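Trainee: Take a look at this one; I'll ask things after.
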Amino acid sequence: MKILLFGATGMVGDGVLRRLIVASEVEKIVAVSRKELATHNAKISVVIEKDMFQLQNLHMLGGFDACFFCLGASAVGMTEAEYRHITLDLTMAVARQLLPLNPNPKMTYEFISGGRADLNAKQMWSRVKAETENVVLKIGFHDAYALRPGYIQPMRGAASRYRFARCIHALVAPIYPTLQKRFDRAVTSTDLLADAMLRLAIDGNVKKILSNSELNNLAQAKGNST
């Protein structure tokens, strides 16, 4: 399987990348990034793109089985217009550029949303995420999914760029297995998320918007490691 990955320099994308490296189903990973990655492996090729709205290396972005879109940013301190631009507008800009290069029945497009995405939510970020989900599912790929993880524990050395988040992850790490089992509806990991994404790309799924527990169940049902 050949996978196109966006967001590999962020905690979630890097964690997913680290899991994909050791997945036997994955033959090749092309990471599209604004800068070089912290993770290196023979399976990985990096395509540097300074402006994701106007991709310059389209000749290198065709013929993939799946695109895992892990780009994202916190809405803290942003206006709704600013957050919409870097969430909905950016996701759609990338999708529209990739679609002609990966026509049916080839590519599965997977968008990491948020656990509380809701068109009717009071929180601005939640509404924008839900809007983005709707557009992703309708844009025209062979298959598409919106994933709604809750708390994500980084695995295999992946780390947040934010010190406060790193402290929380360090505190949670010793008790993560217990938390994940007890609070399956709200807790997952980058390993489980990557495994679920792989299963969706390989096997497909009737449901197109998946909750945290559904993602965990999908990953674990196939005998994947946590």
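Every number in this text was worked out from the coordinates using simple rules, so none of it is lab data. It should be emphasised that the depicted structure is a prediction, and the values quoted were computed from it without experimental measurement. Because the Cβ atoms are built from the backbone with ideal geometry, glycine has one as well, and the counts that use them run over all protein chains shown.
Trainee: I'm told Gly15 meets every condition in (1) touching an Asp or Glu at 6+ places or on another chain (Cβ under 8 Å); (2) of a type in the set (Gly, Ala, Ser); (3) in a loop (DSSP other than H, G, I, E, B) except one. Can you identify the failing condition by its number?
Mentor: Going through (1) touching an Asp or Glu at 6+ places or on another chain (Cβ under 8 Å); (2) of a type in the set (Gly, Ala, Ser); (3) in a loop (DSSP other than H, G, I, E, B) one by one, Gly15 breaks only (3).
Trainee: If I ask for residues that are surrounded by 17 or more Cβ atoms within 10 Å (Cβ to Cβ) and not hydroxyl-bearing (Ser, Thr, Tyr), which ones from the stretch 119-130 would you list? Can you show your working first?
Mentor: We begin by selecting, within the stretch 119-130, every residue surrounded by 17 or more Cβ atoms within 10 Å (Cβ to Cβ); these are 125-130.
Trp125, Arg127, Val128, Lys129, Ala130, listed by residue number.
Trainee: Please go through the stretch 18-49 and pick out each residue that is in a strand (DSSP E or B) and β-branched (Val, Ile, Thr).
Mentor: Ile29, Val30, Val32, Ile44, Val46, Val47, Ile48
Trainee: With the structure loaded, tell me whether Arg116 is over 12 Å from Phe141 (Cβ atoms), charged (D, E, K, R) and surrounded by 19 or more Cβ atoms within 10 Å (Cβ to Cβ) or whether it fails that test.
Mentor: no
Trainee: Right, here's the next one. Here are the criteria: (1) closer than 24 Å to Leu37 by Cα; (2) within 17 Å of the chain's Cα centre (by Cα). Tell me which single one Ala170 does not satisfy.
Mentor: Only one criterion in (1) closer than 24 Å to Leu37 by Cα; (2) within 17 Å of the chain's Cα centre (by Cα) is unmet by Ala170, namely (2).
Trainee: Is it the case, given these coordinates, that Arg84 is over 16 Å from Leu137 (Cα atoms) and basic (Lys, Arg)?
Mentor: Criteria met by Arg84.
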